[in-house]
1. Let me cross-check residue 23: its accessible surface, 1.4 Å probe, with only protein heavy atoms counted, in Å² to the nearest 10?
2. For region 203-299, list log₁₀ I(q)/I(0) at each q in 0.10 Å⁻¹, using the Debye formula over Cα point scatterers of equal strength and ignoring solvent, two decimals each.
3. For region 283-386, take every pair of Cα atoms, bin their distances at 5 Å starting from 0, and report each bin as a whole percent.
4. So which GluC sites (Glu not before Pro) in region 476-542 are both in a DSSP loop and have at most 10 other Cβ atoms within 10 Å of their Cβ?
5. Strictly greater than 17 Å: what percent of every Cα pair in region 244-335 meets that?
6. Relative to the Cα centre, what is the charge dipole magnitude of region 508-639, using +1 at the beta carbon of each Lys and Arg, -1 at the beta carbon of each Asp and Glu, and rounding to the nearest 20 debye?
7. Within region 203-270, what percent of beta bridges assigned by DSSP are antiparallel, to the nearest 5?
8. Give me the number: length gained by fully extending residue 533 to residue 604, i.e. 0.36 nm times residue separation minus the C-alpha to C-alpha distance, one decimal in nm.
Amino acid sequence: MIYSKPEQDKNFLVNSTNYQQLHQQAFADPNAFWLEMAKRLEWIKFPTTSGNWQFQKPISIKWFEDGLLNVATNCVDRHAKATPEKTAILWVNDQGAKTVALSYSELLKEVNAMAHVLQCLGVQKGDRVIIYMPMILETAYAMLACARIGAIHSVVFGGFSPESLAGRIEDCGAKIVITANEGVRGGKTIPLKANVDTALLQTLQVKKVLVINGTTTSVPMVVDRDVVYEPDYSKTVDPVAMNAEDPLFILYTSGSTGKPKGVLHTSGGYLTYASLTQQWIFDCKEDDVYWCTADVGWITGHSYVIYGPLANGATTVMFEGVPNYPKPDRLWKIIDDLKVSIFYTAPTAIRSLMQAGDEWLQTTTRDSLRILGSVGEPINQEAWEWYYQKVGKTRCPIVDTWWQTETGGILITPLPGINNLKPSSATTPFFGIQPVLLNEQGQEVHEKAAEGRLALKASWPGQMRTVYGDHARFEETYFSQFPGYYFSGDGAKRDEDGDYWITGRVDDVLNVSGHRLGTAEIETAATHDHSIIETAVVGFPHAIKGEGIMVFAIPAGNTVHKEEELRSIIRGSIRSQIGPIANPDEIHIVKGLPKTRSGKIMRRILRCIARSEFEKIGDVSTLADPLIVEHIIEVVCAKA
Ligand code: PRX
């Protein structure tokens, strides 16, 4: 099924009049195109250079490198001057009793106040600041306050455990943590400050903890270390002039090996890209109320809740809660209440609300909507159709946006009013983006209709610059398998029209509810207790989460624990080492794992078993113990 573009496309920011011309400009002279696009920002010194990058080792990526700017000035001050009364952030609380409309002038006051407090705590340009917070306004202030004084923030999602938090603190060398007494989400509280206290038992790195009391619950404070946030509005903090290539933030993300990587984004290129894509892809105009439901703990929250929309002077919604609390009509009610016109969410949320039933749509009209978006994982056809037909009442184009933490912003997406919509297809590269499909040998597949590994052959301003503190890992992870290209880790198909269909990860990375988790990371966590000697983790299709987590675990020979106890030990280890977001869907206690004679686990076989695709297992005679496959199938089938 193809849904053709709307007739009245002249009203869109990108329309049939300027589309071809923009594509041609970006293709013919990308450097001139991006320099032109950089003019959308307010620069202290406008750059004379555009892209300066190479995808051959040593990998180096720079954009606008002689430009000077301040990201917070761009997101706050300039709009506080031009449109002081305009609502910058519409904040909606978990319970639904409260909405705060914060204007750009109020945002400036708050960001300034927090910047001052950070300075008083000794935070300087280049210092790393961990932000471990719920979705409250102060989280936005904290990110922008860091940007104002040139500190590098690293937001850690509240669903990560103290152990994960400690690892990130150590890795980036943060001296300060900003947290809240507790978070509230879906009616439950998250003990953020207590988690910070536990994390800090493992590292001496952090000297100060700034605590925002978002609720009335009081928490223990450590003398000389913990400080309650009290804004001081009397002082002005001048924004620090930053080089375009000065770091803006680090965001940790999982890979197929080792511990999470600190993805580093810099200032000028990132903001140019986040701002441009937010405005053009969502067709975000002056009077729109724009809502991206992502948590700021993820890249989508950075680029499309905070930096992109605020750089554009838009009104962005920040929601503390979850889609199904108190009832599965929560999102639709907020859309009606706030007159949301652009709505961007994840397939997981769409699937779970679809499952809750159409009756939850009936008390709302959603008439204010004009654009819908999807992100984070492939959206299946059924969910796409429901989103389009039922939520948007066939009036609203869906932009299915493909991108990654590493890409900083959206790379492949339909543009509303330009591209035909195909359910489940992210369709077309954005201006200046050059995707290719590579075969196993690393050659570009030139046929239009093809399948392969999705890579990029040219840089764009929003691209990550390095893995914080480990450039060799950056080169190894993204540029070594296919030299000369940035390899995304995803597979994709291209159809006869040249449209892209993302098929999912081709490495050992799971995408659970749109969140990336490395199998290796979960395996390490699952074996934390000595009663488990080895585990293997694979993904399997899950109706709501997209992908579920299946753990195969070998218990220690001398363990006294029963199977059920072993399962809860594994769950406990994963919860404490990573956090509740990695909670497994199925745990199978097995005698062994399918391994080659050299000891490598054949996850491909486990994936076939997890999907009940037994016929695809193929020849197992080269395994060290071929009989183990039958045993594992028996265990899995017995449990089903
Ligand atoms: O596999 C792709 C999937 O999510 C991965 C990136 O995850 P993360 O860095 O956490 O960023 C998520 C938000 C951008 C990709 O490698 N993915 C993301 N968007 C889509 C997608 N898969 C299919 N369709 C999408 N629209």
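1. 50
2. Scattering profile of region 203-299, log10 relative to I(0): -0.53.
3. 2, 12, 23, 26, 22, 11, 4, 0
4. Working: sites: 476, 496, 521, 523, 534; in loops: 496.
Hits after loop and neighbour filter: 496.
5. Details: 2405 of 4186 pairs.
More than 17 Å apart: 57 percent of the Cα pairs in region 244-335.
6. Numbers: 16 positive and 17 negative charges, 47 e Å.
Roughly 220 debye for region 508-639.
7. Numbers: 6 of 9 bridges.
Percent antiparallel among DSSP bridges in region 203-270 is about 65.
8. On the way: separation 71, 0.36 × 71 = 25.56 nm, distance 2.08 nm.
Fully extending the segment from residue 533 to residue 604 adds 23.5 nm.
The values are calculated or read from the model by the stated rules, or taken from the named source; none is laboratory data. Fair warning: this is a prediction, and the values are worked out from it, not measured in the lab. Note that each Cβ is placed from the backbone with ideal geometry, even for glycine, and that neighbours are counted across all protein chains shown. For accessibility, only protein heavy atoms count, side chains too; no ligands or nucleic acids. Shrake-Rupley method; radii C 1.70, N 1.55, O 1.52, S 1.80 Å.
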